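Reviewing the structure listed below.
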(Lines give C-alpha, C1' and ligand atoms only; values in the text may rest on other atoms or scores of the structure.)
Protein backbone atom coordinates (compact mmCIF):
# COMPACT_ATOMS: atom_id res chain seq x y z
CA UNK A 1 0.00 0.00 0.00
CA UNK A 2 1.41 3.39 -0.96
CA UNK A 3 1.80 6.33 1.38
CA UNK A 4 -0.88 8.97 0.77
CA UNK A 5 0.26 12.20 -0.77
CA UNK A 6 0.82 15.18 1.53
CA UNK A 7 -0.38 18.47 0.08
CA UNK A 8 1.72 21.56 0.75
CA UNK A 9 -0.64 24.26 2.04
CA UNK A 10 0.27 27.87 2.78
CA UNK A 11 -2.08 29.71 5.13
CA UNK A 12 -1.88 33.49 4.70
CA UNK A 13 -3.23 36.23 6.93
CA UNK A 14 -2.19 39.82 7.47
CA UNK A 15 0.35 39.63 10.28
CA UNK A 16 1.17 35.89 10.41
CA UNK A 17 0.71 36.32 14.13
CA UNK A 18 -2.72 34.81 14.91
CA UNK A 19 -4.86 33.09 12.26
CA UNK A 20 -2.33 31.66 9.83
CA UNK A 21 -0.05 30.20 12.54
CA UNK A 22 -3.15 28.62 14.12
CA UNK A 23 -4.14 27.01 10.82
CA UNK A 24 -0.57 25.85 10.15
CA UNK A 25 -0.29 24.30 13.62
CA UNK A 26 -3.63 22.52 13.32
CA UNK A 27 -2.79 21.20 9.85
CA UNK A 28 0.53 19.80 11.02
CA UNK A 29 -0.74 18.44 14.34
CA UNK A 30 -4.14 17.03 13.40
CA UNK A 31 -3.88 16.29 9.67
CA UNK A 32 -0.22 15.52 9.05
CA UNK A 33 -1.23 12.46 7.02
CA UNK A 34 -2.46 14.68 4.19
CA UNK A 35 -1.37 18.27 4.95
CA UNK A 36 2.05 19.87 5.20
CA UNK A 37 1.18 23.29 6.60
CA UNK A 38 3.07 26.57 6.33
CA UNK A 39 2.08 30.14 7.06
CA UNK A 40 2.97 33.67 6.04
CA UNK A 41 1.66 37.20 6.30
CA UNK A 42 1.10 40.08 3.94
CA UNK A 43 2.52 42.52 6.53
CA UNK A 44 4.07 40.32 9.24
CA UNK A 45 3.99 41.33 12.88
CA UNK A 46 7.20 41.17 14.89
CA UNK A 47 6.01 38.17 16.97
CA UNK A 48 3.42 35.43 17.18
CA UNK A 49 0.82 36.77 19.63
CA UNK A 50 1.01 35.17 23.09
CA UNK A 51 -2.76 34.53 23.00
CA UNK A 52 -2.22 32.49 19.83
CA UNK A 53 0.05 30.11 21.74
CA UNK A 54 -2.29 30.09 24.73
CA UNK A 55 -5.50 29.31 22.83
CA UNK A 56 -3.81 26.51 20.87
CA UNK A 57 -2.37 25.05 24.06
CA UNK A 58 -5.91 24.88 25.45
CA UNK A 59 -6.73 22.26 22.81
CA UNK A 60 -3.35 20.49 22.86
CA UNK A 61 -2.00 21.90 19.59
CA UNK A 62 1.67 22.87 19.85
CA UNK A 63 3.42 25.76 18.11
CA UNK A 64 7.19 25.96 18.18
CA UNK A 65 8.39 28.78 20.44
CA UNK A 66 10.95 29.49 17.71
CA UNK A 67 8.22 30.26 15.14
CA UNK A 68 8.47 33.78 13.74
CA UNK A 69 6.13 35.61 11.37
CA UNK A 70 7.22 35.35 7.73
CA UNK A 71 6.51 37.62 4.75
CA UNK A 72 4.37 36.13 2.00
CA UNK A 73 6.61 37.51 -0.73
CA UNK A 74 9.64 35.88 0.93
CA UNK A 75 7.94 32.53 1.46
CA UNK A 76 8.10 29.52 -0.82
CA UNK A 77 4.54 30.12 -2.11
CA UNK A 78 5.33 28.97 -5.64
CA UNK A 79 5.95 25.40 -4.46
CA UNK A 80 2.61 25.07 -2.66
CA UNK A 81 -0.31 22.96 -3.82
CA UNK A 82 -2.86 25.20 -2.10
CA UNK A 83 -2.79 28.77 -0.79
CA UNK A 84 -5.48 29.58 1.76
CA UNK A 85 -6.14 33.30 1.98
CA UNK A 86 -7.40 34.24 5.45
CA UNK A 87 -6.58 37.95 5.01
CA UNK A 88 -9.13 39.05 2.41
CA UNK A 89 -8.94 39.67 -1.32
CA UNK A 90 -5.71 41.72 -1.16
CA UNK A 91 -3.19 38.92 -1.57
CA UNK A 92 -4.36 37.85 -5.01
CA UNK A 93 -1.91 40.18 -6.77
CA UNK A 94 0.98 38.97 -4.60
CA UNK A 95 0.58 35.40 -5.79
CA UNK A 96 -0.19 36.25 -9.41
CA UNK A 97 0.80 33.33 -11.57
CA UNK A 98 0.33 30.78 -8.80
CA UNK A 99 -0.68 27.51 -10.48
CA UNK A 100 -2.12 25.65 -7.50
CA UNK A 101 -5.51 25.94 -5.87
CA UNK A 102 -6.51 29.04 -3.91
CA UNK A 103 -9.13 29.28 -1.19
CA UNK A 104 -10.58 32.29 0.61
CA UNK A 105 -11.66 31.76 4.22
CA UNK A 106 -13.58 34.32 6.25
CA UNK A 107 -12.21 34.15 9.81
CA UNK A 108 -12.29 36.89 12.44
CA UNK A 109 -8.93 38.61 13.03
CA UNK A 110 -8.46 38.40 16.80
CA UNK A 111 -5.43 40.72 17.01
CA UNK A 112 -5.93 43.18 19.85
CA UNK A 113 -9.08 41.42 21.05
CA UNK A 114 -9.57 39.33 24.21
CA UNK A 115 -9.21 35.55 24.39
CA UNK A 116 -12.81 34.75 23.32
CA UNK A 117 -12.02 36.18 19.84
CA UNK A 118 -8.91 33.97 19.62
CA UNK A 119 -11.00 30.95 20.56
CA UNK A 120 -13.62 31.83 17.96
CA UNK A 121 -10.92 32.12 15.26
CA UNK A 122 -9.25 28.90 16.45
CA UNK A 123 -12.47 26.91 16.43
CA UNK A 124 -13.50 28.17 12.98
CA UNK A 125 -10.04 27.42 11.59
CA UNK A 126 -10.13 23.97 13.17
CA UNK A 127 -13.34 23.18 11.27
CA UNK A 128 -12.06 24.67 8.00
CA UNK A 129 -8.70 22.88 8.15
CA UNK A 130 -10.49 19.58 8.92
CA UNK A 131 -12.83 20.12 5.96
CA UNK A 132 -9.86 20.83 3.65
CA UNK A 133 -8.03 17.73 4.91
CA UNK A 134 -11.11 15.55 4.41
CA UNK A 135 -11.58 16.89 0.88
CA UNK A 136 -7.95 16.17 -0.01
CA UNK A 137 -8.12 12.67 1.50
CA UNK A 138 -11.17 11.90 -0.67
CA UNK A 139 -9.48 13.42 -3.74
CA UNK A 140 -6.52 11.09 -3.26
CA UNK A 141 -8.75 8.06 -2.68
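The values are calculated or read from the model by the stated rules, or taken from the named source; none is laboratory data. What you are looking at is a predicted structure, and each value in this text was computed from that prediction instead of being measured. With ideal geometry, Cβ positions are generated from the backbone for all residues, glycine too; neighbour counts draw on all protein chains shown.
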*Selection within the stretch 45-59 - touching a helix residue (DSSP H, G or I) at 6+ places or on another chain (Cβ under 8 Å) and free of Cβ contacts under 8 Å to residues at least 60 places away in the same chain*: 48
*Residues satisfying the stated conditions in the stretch 1-30, i.e. surrounded by fewer than 24 Cβ atoms within 10 Å (Cβ to Cβ), in contact (Cβ under 8 Å) with a residue 12 or more places away in the chain, in contact with a strand residue (DSSP E or B) (Cβ under 8 Å, 6 or more places away or on another chain) and more than 14 Å from residue 108 (Cα to Cα)*: 6, 7, 8
*Test residue 41 against the criterion of being under 17 Å from residue 17 (Cα atoms), surrounded by 13 or more Cβ atoms within 10 Å (Cβ to Cβ) and under 13 Å from the mean Cα position of the chain (by Cα), and give yes or no.*
yes
*Search the stretch 129-141 for residues being surrounded by fewer than 19 Cβ atoms within 10 Å (Cβ to Cβ) and either in contact with a helix residue (DSSP H, G or I) (Cβ under 9 Å, 6 or more places away or on another chain) or free of Cβ contacts under 8 Å to residues at least 12 places away in the same chain (or both), and hand back the single one that is farthest from residue 44 (Cα to Cα).*
141
*Being more than 17 Å from residue 37 (Cα to Cα) and part of a helix (DSSP H, G or I) is the filter; apply it to the stretch 125-141 and report the residue that is modelled with the highest pLDDT.*
138
